[in-house]
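Heads up: the structure comes next, in structure tokens.
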Amino acid sequence: MKYGEKEIKKSVIEVWDNPNRLRDYEIDISFSEFTCLCPRSGYPDFATIKICYIPNKKIVELKSLKLYLNSFRSIYISHEDATNTIYSALKKKLKPYFLEVVGDFNPRGNIKTVIKVSSEFEEQQATKKRHKKK
């Protein structure tokens, strides 16, 4: 196993303390080399993963994020599940004020897919549930 493969295999998302807690600001990250495997065909899927968040107490360490995202390259996973898995992992680690993850997948079979998961959507769902209970 090559050194990069070893790093990817043991990857975990690391976080650092937010150096500017007195100010709200937005962090945009774009990872254009995301790959995973189609769970049905086994063919590779390629995407740009876009992450936007407003940090609370923690920010993501970028090398650990890169290794974590590279860990998907040998996983059979749908576009939807990959995007939601990334969102959930970042939300758990960062507990940000706002988080959005977009999986912008390259066309395959002449179909393009863009998956967006956002804390804004979660808030809308929570509001709908509260109103249904009344």
Cα gyration tensor shape for the stretch 39-99, rounded if a/c is under 1.5, else prolate or oblate: prolate
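Rounded to a whole number, what is D in µm²/s for the chain from Stokes-Einstein with the Kirkwood radius over alpha-carbon pairs (10 °C, 1.306 mPa s)?
Calculated translational D: 99 µm²/s.
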Carbon + sulfur, % of accessible area of the stretch 77-134 - ligands and nucleic acids excluded, 1.4 Å: 52
Candidates per GluC sites (Glu not before Pro) in the stretch 14-53, loop by DSSP, up to 14 other Cβ within 10 Å: GLU26
Residues in the stretch 12-33 reached by a label modelled at LYS95 [backbone nitrogen below 19 Å; 7 Å Cα→Cβ]: 13-25
Of PHE121, THR85, GLY109, farthest towards positive along the dipole that unit charges on Lys, Arg, Asp, Glu beta carbons give the stretch 52-134: PHE121
Total charge dipole magnitude, the chain, about the Cα centre, Cβ charges on Lys, Arg, Asp, Glu only, Debye to nearest 20: 620
Accessible area per residue, Å², the stretch 1-131 with all protein chains present, probe 1.4 Å: 65
Among 65-71, 42-48, 104-110, 122-128, the order from most to least packed when residues are scored by Cβ within 10 Å on average: 65-71, 42-48, 104-110, 122-128
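The values are calculated or read from the model by the stated rules, or taken from the named source; none is laboratory data. Computed from a predicted structure; not experimentally measured. Glycine also receives a Cβ, built like all others from the backbone with ideal geometry; neighbour counts cover every protein chain displayed. Surface areas here come from the heavy atoms of the whole protein model, side chains and all, with no ligands, DNA or RNA. Shrake-Rupley method; radii C 1.70, N 1.55, O 1.52, S 1.80 Å.
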